[in-house]
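Worksheet: one structure, shown below.
The values are calculated or read from the model by the stated rules, or taken from the named source; none is laboratory data. Keep in mind that this is a model prediction, so the values were computed, not measured. Note: ideal-geometry Cβ built from the backbone for every residue, glycine included; neighbour counts use all protein chains shown. Surface areas here come from the heavy atoms of the whole protein model, side chains and all, with no ligands, DNA or RNA. Shrake-Rupley method; radii C 1.70, N 1.55, O 1.52, S 1.80 Å.
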Amino acid sequence: MLPFLVTVPFLVPQAQQAPLPEVVAKELGSAPRGPLVPRVRDLGGGTGPLGQARRGARMGPSIHALQLPPGSVRVKDVVPDISGWRAYAVEVPGGGRVKAQVVEGRKGWFRVLGVNAWGQEEAGLLQNRIPTGEPQATYRNPGVETRTVYFIVDTLDIDMVGEPYTLEVTRG
């Protein structure tokens, strides 16, 4: 007679990650400077009067940026105006990594761009050209000096003023 084989699943307890600290965007200070307006296609623009107003609001030389605190953080924010975008400045130490991702809100209506102070991609930001289907961008500092990069949360719809979202910025 064959012995009864009983398989017992082993449950391995998962280490629970502590929740990230949350900040409200209006409590953040302004960055010393913002990035120049990136040369990207406006996916939320239109041809009517609202589209013209949005194009006009996006024609400034730079985008006002909020300075993010050190460490990983969740930022609660709303789309501030007709331009449809908001920039966040992040200090990244040499060899450091950072990821910015919209995790709450109408995620399908947002995209996240990673740029340098000139509003352009650079080494460490090039992987953002691969679409992932998620509103996120990453940066890996290839140098040894601390660099400031900017993550721009951009809307894909023309009428999203006041739309809430949560941006999660994780460092690694």
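Worth a mention:
- Largest first, the three principal axis extents of the alpha carbons in the chain are 83, 41, 32 Å in whole numbers.
- Taken over the stretch 85-172, the convex hull of the Cα atoms encloses 89 Å³ per residue.
- In this simple spin-label approximation, E163 and V78 carry label points 7 Å from Cα along the Cα→Cβ vector, and these lie 1.4 nm apart.
- Applying 0.36 nm per residue to the separation of Q52 and V103 and subtracting their alpha-carbon distance, the gain on full extension is 15.4 nm.
- Per residue accessible area in Å² of the stretch 126-172, where ligands, DNA and RNA are left out and the probe is 1.4 Å: 52 Å²
- Looking at the chain, the DSSP beta bridges with both ends there are about 85 percent antiparallel.
- Accessible area of the stretch 114-172 belonging to carbon and sulfur atoms, whole % at 1.4 Å probe: 51 percent
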